[in-house]
1. Test of understanding: in a Gaussian network model of the chain with alpha carbons linked when under 10 Å, which of Arg117, Arg52, Arg254 would top the mean-square fluctuation ranking?
2. What fraction of the DSSP beta bridges in the chain is antiparallel, stated in percent and rounded to the nearest 5?
3. In whole percent, and with a 1.4 Å probe on the protein chains, what portion of the accessible area of the range 106-253 is carbon and sulfur?
4. Carbon-plus-sulfur fraction of the accessible area of the range 256-365, 1.4 Å probe, in percent?
5. Let me have the 222 nm mean residue ellipticity of the chain computed from DSSP H runs of 4+ only, each contributing -39500 (n - 2.57), with the sum over all residues rounded to the nearest 500.
6. In nm, to one decimal, how far is the Asp33 label point from the Gln284 one, both placed 7 Å along Cα→Cβ?
7. With springs only between Cα atoms under 10 Å apart, run a GNM on the chain and tell me which of Gln111, Gln60, Gln249 wobbles the most.
8. Could you sort 41-49, 339-347, 22-30 so that the peptide with the highest average Cβ count within 10 Å comes first and the rest follow in order?
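The values are calculated or read from the model by the stated rules, or taken from the named source; none is laboratory data. Since the structure is predicted, the reported quantities are computational estimates derived from the model, not experimental observations. Backbone-built Cβ (ideal geometry, glycine too); neighbour counts: all protein chains shown. Only protein heavy atoms, including side chains, enter the accessible area calculation; ligands, DNA and RNA are left aside. Shrake-Rupley method; radii C 1.70, N 1.55, O 1.52, S 1.80 Å.
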Amino acid sequence: MRDVVITGIGIVSCAGEGLDAHLAALSGTPSTDSETFAPHPVHRATALEWDRQIPKKSDQRQMEAWQRLGCYAAGLALDSAGAKDDAGLKSRMQLIVSAGGGERDYAVDGQILTGLRTAGDPGVFLNERLMGDLRPTLFLAQLSNLLAGNISIVHGVTGGSRTFMGEESSGVDAIRIARQRIASGQDDIFLVGGAYNAERPDVLLIYEMGGFLWKKPYRPVWSRPAEGGGMILGSAASFLVLEARDHAQQRGARPLAALAGVASDRSRRQPGSVERALRGLSGQLQGKPDVVISGATGVQGITEEEQAALKDIAPGAALYATGDVIGHAMEAQAPAGVALAAGLIAEAKANDALVTSIGHWRGEGALRLTKA
């Protein structure tokens, strides 16, 4: 089995653009918007100069916000890995994206729902309005794999492409599959990551109906359960370039960290199940982490269980929560955690890192990084 290393990182969020900005944000308080979607605070993405990574205005216009964030972060990762201008390398580069559903045209949705109230034949009315009012590009933008398509078009990554759906677990499994394929010799290099736009009334409605959202002024992740718990969503994207160590050496790329292992599970959520799952996953990964990057949500119950497990799994380790840096970014949560852990290792601030990703509803994941 070949060693798998991380040679490129691209990340954008409320903390800014690039790895340095996010490492600096580990010790600060994230930027929070408490007004736009009140009473729900949201960590809004920083303003970006889209032209720097998505040169064509026509490409920018046809993408939804989450696609622009993902495409931008993918470009940053390629730059970081020294692969941006190597067309031959990108023609062999595999791509895995973790993504949710597309975005809505709220004006059209409102017009259709209003018209349905008085329509003589609601079925005919609905079909006619859907066919006539939705832009073709909007309808296609609701296909999750369009982010991968845009990355291929804009950045020229034309190897095999896969898109995983499934909220937090999709990010873990995207990294897991990429690592396994490289380690087994099936492929040499992958671009893998996810993107999420939290600035959407529809997703806030969905998670509020499930009782998952925090509705008070900002509090750190670990302190929220005592006040009822809840997650603060964040707009973010993170992409990683993973490759075999020997492949990186051949092209002169500097490894930032080694991806030593990835483990995932999907337990039946009952009291104690998250703690048991995390202990089991960390046991598969072995190691003695000196830093933990947790994807904890702040949701009551599962957050306390993770905290209890980590006290035994990584006693004395420095503990950070991605939710306190970028907010909870669903599909992008695990890639962002790996990016932060790799950055700490690259700067010699950690030797062995554990990254956790406990889904707000289902799915548990753990990843281990070591010095390259």
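1. Arg117
2. 65
3. Reported share for carbon and sulfur atoms: 57 percent.
4. 46
5. So the helix-based figure for the chain works out to -11500 deg cm²/dmol.
6. The two pseudo-label positions are separated by 3.7 nm.
7. Maximum among the listed residues: Gln111.
8. Most protected by this proxy first, the peptides run 339-347, 41-49, 22-30.
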